[in-house]
1. If you take the charge dipole of segment 1-117 about its Cα centre, with +1 on Lys and Arg Cβ and -1 on Asp and Glu Cβ, which of T75, V41, T63 is farthest toward its positive end?
2. For L195 and R2, FRET efficiency with R0 = 60 Å and r from the beta-carbon atoms, rounded to 0.05?
3. Roughly how many debye, to the nearest 20, is the charge dipole of segment 101-206 about its Cα centre, given +1 on each Lys and Arg Cβ, -1 on each Asp and Glu Cβ, and no other charges?
4. Would you mind computing the Rg to Rh ratio of the chain from its alpha-carbon coordinates, Kirkwood style for Rh?
5. Nearest 5 percent is fine: what portion of the DSSP beta bridges confined to the chain is antiparallel?
6. If you stretched the chain out fully between F282 and A436, how much longer would it get, using 0.36 nm times the residue separation minus the C-alpha to C-alpha distance?
7. Taking R0 as 25 Å, what FRET efficiency do you get between E484 and I249 from their Cβ-Cβ distance, rounded to the nearest 0.05?
8. Could I have the simple spin-label model distance between F188 and I346, label points 7 Å from Cα toward Cβ, reported in nm to one decimal?
Amino acid sequence: MRMEKYLRSMVMWHIYVGLLAISVGVIFGLLQVLSRSGIYVLPPNIYYQGLTLHGVLNAVVFTTFFIVGFLYVITETTLKEKLNKGLVYLSFFTMLIGTLLAGISILTNKATVLYTFYPPLKASPMFYIGATLLIVGSWIAVLNTSLTFLRWRRNNPGQKTPGPMVAVISIYTVWMLATIGVAIEVLFFLIPWSLGIVKSINPELARTLFWWFGHPLVYFWLLPAYLAWYYILPKVAGGKLYSEVAARIVFIMFIVFSTPVGLHHQYSDPGITNVWKGVHAFFTFMVALPSFITAFTIAASLEYAARKNGGNGLFSWWKKLPWGNYFFAYMISAMIAFIFGGISGIVNASYNMNQVVHNTSWVPGHFHLTVGSAVFLTFLGLSLYLANKLTGKKIFNEKLGTLSAYLWLIGVLIFSWGMMQLGRAGIPRRTNLGLAPYMTPEERIFMIIAAVGGIIMFISAVLFLINFVGTLLNKKEKEVELVEIDYADAYYKETNLSPIWDNWKVWIGIAILLIIINYTPVFYDVFRATYFVEGGYSPFSPLPMK
Ligand code: HAS
C-alpha cells in the first residue's frame, strides 16, 4: 500500500507522544513502588501527584495516542483507501492540546485526583477540559476511519470486511459506546462543578458514569493487542491464523459484551441493588469468554507455526517458536502475563472474592499484568515494528528488544506476586505504605519483593527506550513509500460466512439495547438512594477547600 509521507510521519508522531508520556510515567511508577516499600519514602503530596501522573500518562495518554496511530495504519493497509488528511491533523492536535492542558494541571498540583478522578476529589477545570479534548480528538479519528470504511463499502459492494478491519470497527465501537458515560459525567457534572456554576455533586452518580466508561476502556486497550496477536504474530512466528471465523466472532462479542458490565468495579458501593450487581457480574463472565476463545485460537496458531518450523511432540513443539525474535518476544511475554492477568480478573469478577481483594494491592497486581503487560508490551513491540516499517530504519538492536521484553515479564511477575500477596492480606492500594505504621515485618518483605519487580520493570523500560531512540537514529535502510503489514493468512477460512457476521448495525444495536437494559435500573437506584453533596476536596493543591 502506498502510504503518503504525511501519514507515515503523523503515525510516528502519535507514537512519539505516547512514548514520551510513558518515559515520564514509568519514572513515577518506580517512585511509587520505592515509596510503598519504604526504600525511598515520598512526601504525601508528591506520592499522590506522582500516582496521578503515572496513571494518566501510562494508561490514558500513551494508549490513546498509540491506538489512534496504529489503527490508521491498519485502516489504510487493509482497505487500501485514503484517510482524510485534514481530519488526521485535527484529531492529533485536539488530542495534543487536551493532553497538555491536563498534564499542566497535574504538574502544577491542581489535579491530584488520580486517573479515576472520583468526586468529591476536585481538579481545576483545565484538567477536565483537557481530558474532554483528548476524547474529542479521538472521536475525530473515529469519524475519519468510519468515513473511509463507508467509502470502501460503497466501492466494494458484496465484499466482506477484511479481518483486521473487523478488529478496528470493534475497537472504535467499544470506545464510542464507552465514552458516552464519561462524556456525560464530565460535561454535565464535573466541569460545571469545578467552574463553580453548580455547587453540588453526586459522587455515586459520577462513579457509576465513570465505570460505564472505565471497564470497556480496558477492552479499548486490549483489542489492538488482540489485533496484533491474531493478524500479525502468526505470520512472524512462521504460520497462519488458526481460524478467521473465531477471530471475527471474538471481536463481535467484545462489541456486545464490553460495556454493560461496569458494576463489577462497584460491588461494594452503596445505593445499587444486588440484583443489578449480579446481572453485571454475569455479563462480566460473558466478556471473559472471547478471551478464552482467543487463548485457544492463538495457541493453535502458534502450534501450527511451530510444527511448520519442524516442531513435534505433545508439548516440545514450543521449542521451535522464534523465541529470539524481538517482535515474538514482546508478544509472547504479553500473552504469558495475560494468562495470570486474566485469572486474577476472574477472581475480581467473582462477587464474594471481590470483597476480599477490592481496594487492596491485589488490584494493581491484576492491572499490571493486563494493561501494564499484555497491552504495554504488545504496544512496545508494535512501536519498534512500526518504526521499522514507516521510517525504513533498521531496528537498533533486536537482541536488546528481546532482552527488554523478557526482563519486563520477569519483573512484572515478581511485582504482581508481591502486590497480590499483600492484597490478600488486606493491604490497601493507593496508600503511601512507606509511612504506614501498621505493616508487619512479613508484609514489608512482600513490599520489598514488589519493589524488586518494579526495579526490573523500570530497567526493561529504559532498555526499550534506548532501542527505540537508537532505531530512530539509525540510517534509513529502505524506501518506505510502500508500507506492507504482513498480515497472517487463515488456516481455516469460512467461505460461506453468514452475512449476519458482517452486519454492524445488528451488533451495535444489540450492544446499545444491552446498555439500556443493564443501566436504566441502575441509574434509577442511584437517583433514588444517593445524594448530591456540596463542596469538594482539592488535596495538596492551592485551590481552596470548600
Ligand atoms: Fe480487569 C479492575 C475484572 C481484564 C484492567 N482491571 C481492573 C483495573 C484495571 C483493569 C486497570 O470484576 C483497575 C481499575 C481501578 O483503578 O479501580 N478484568 C476483569 C475481568 C477481565 C479483566 C473479568 N482488566 C482486564 C484487562 C485490562 C484490565 C484486559 C486492561 C487491559 N478488573 C476486573 C474487576 C475489577 C478489575 C472485577 C475491579 C476490581 C476491584 O474490586 O476494584 C477479563 O476480561 C479477563 C479475561 C482474560 C482471560 C485470559 C486469556 C488469556 C490469553 C493469553 C493466552 C496465551 C497464550 C500464550 C496463547 C480469560 C488470551 C501461551 C503461552 C505459553 C508459554 C503457555
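The values are calculated or read from the model by the stated rules, or taken from the named source; none is laboratory data. Everything numeric in this text was worked out from a predicted model, so none of it was measured. For neighbour counting, all protein chains shown are included, and Cβ atoms are generated from backbone atoms with ideal geometry for every residue, glycine included. Protein only, heavy atoms only, side chains kept; ligands, DNA and RNA dropped before computing areas. Shrake-Rupley method; radii C 1.70, N 1.55, O 1.52, S 1.80 Å.
1. Checked the options; the winner is T75.
2. Result of the calculation: an efficiency of 0.80.
3. Taking the Cα centre of segment 101-206 as origin, the dipole is about 360 debye.
4. 0.95
5. Bridges in the chain that DSSP calls antiparallel: roughly 60 percent.
6. Result for the pair: 51.7 nm of gain on full extension.
7. E between E484 and I249, to the nearest 0.05, is 0.35.
8. It works out to 3.8 nm between the two label points.
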